[in-house]
Amino acid sequence: MGIRITEFVGEQVRTIRKSKNYTQEQLGEKVGLPQPYIGGIERGERNISLDTFERILEALEVSPSEFFRSYNDNYFSESEKVKETVLIKLSELLSKRSIHDIEMIQLLASNVLATIDNHIKTEKEE
């Protein structure tokens, strides 16, 4: 990955702030932080707390998923995006099941993966 998370957060805060026509000072007032601190966030110089991040999201009226949407779009390869999508779908499927079902599926998956790994190992030895 090319960009640090603090840089991405800063770029997103700046982009969304400008789209809402807020100055750094106005955003700072809404969040309860001085303008120079907001500037430091936007430049990726500040490692902010989750509490501060939550206050910024509220002030900008944006959800965490909206905020990070372009992170996935811009900073992951196509194969990473596909993998993430499949994992999300799998997680959604599992979240609707009982813990017993999830444990059974985990055991089945472990056995299937062990079989695949053994097959690959056998092919390499031949």
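Suppose the filter is touching a Gly at 6+ places or on another chain (Cβ under 7 Å), among the β-branched types (Val, Ile, Thr) and closer than 18 Å to ILE16 by Cα; does ILE38 pass it? Yes.
If you take the residues of the range 32-44 that are of a type in the set (Gly, Ala, Ser) and either outside any helix (DSSP H, G or I) or not assigned by TED's automatic domain parsing to the domain that holds GLU66 (or both), which of them is surrounded by the fewest Cβ atoms within 10 Å (Cβ to Cβ)?
Let us first name the residues in the range 32-44 that are of a type in the set (Gly, Ala, Ser), namely 32, 39-40, 44.
Filter once more, keeping what is either outside any helix (DSSP H, G or I) or not assigned by TED's automatic domain parsing to the domain that holds GLU66 (or both): 32, 44.
Values: GLY32: 10, GLY44: 18.
Once the filter is applied, the top-ranked residue is GLY32.
Restricting attention to the range 10-29, the residues being surrounded by 17 or more Cβ atoms within 10 Å (Cβ to Cβ) and of a type in the set (Lys, Arg) number 2.
For the range 64-87, filtered to residues that are of a type in the set (A, V, I, L, M, F, W, C) and at pLDDT 85 or above, the residue that is surrounded by the most Cβ atoms within 10 Å (Cβ to Cβ) is PHE67. Being modelled with pLDDT under 95, among the acidic types (Asp, Glu) and either under 14 Å from the mean Cα position of the chain (by Cα) or not assigned by TED's automatic domain parsing to the domain that holds GLN106 (or both) is a property that does not hold for GLU29.
This table checks each residue for (1) under 17 Å from the mean Cα position of the chain (by Cα); (2) assigned to a helix (DSSP H, G or I); (3) surrounded by 12 or more Cβ atoms within 10 Å (Cβ to Cβ).
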site: ASP51; (1), (2), (3): yes, yes, no
site: VAL62; (1), (2), (3): yes, no, yes
site: LYS89; (1), (2), (3): yes, yes, no
site: GLU103; (1), (2), (3): no, yes, no
site: ASN111; (1), (2), (3): no, yes, no
site: THR122; (1), (2), (3): no, yes, no
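Within the range 39-77, the residues that satisfy the criterion of being of a type in the set (Val, Ile, Thr) and closer than 14 Å to THR6 by Cβ are ILE41, ILE48, THR52, ILE56.
The values are calculated or read from the model by the stated rules, or taken from the named source; none is laboratory data. Predicted model, so just to flag it, every value in this text is computed and none were measured. No Cβ is skipped: glycine too gets one built from the backbone with ideal geometry, and neighbour counts run over all protein chains shown.
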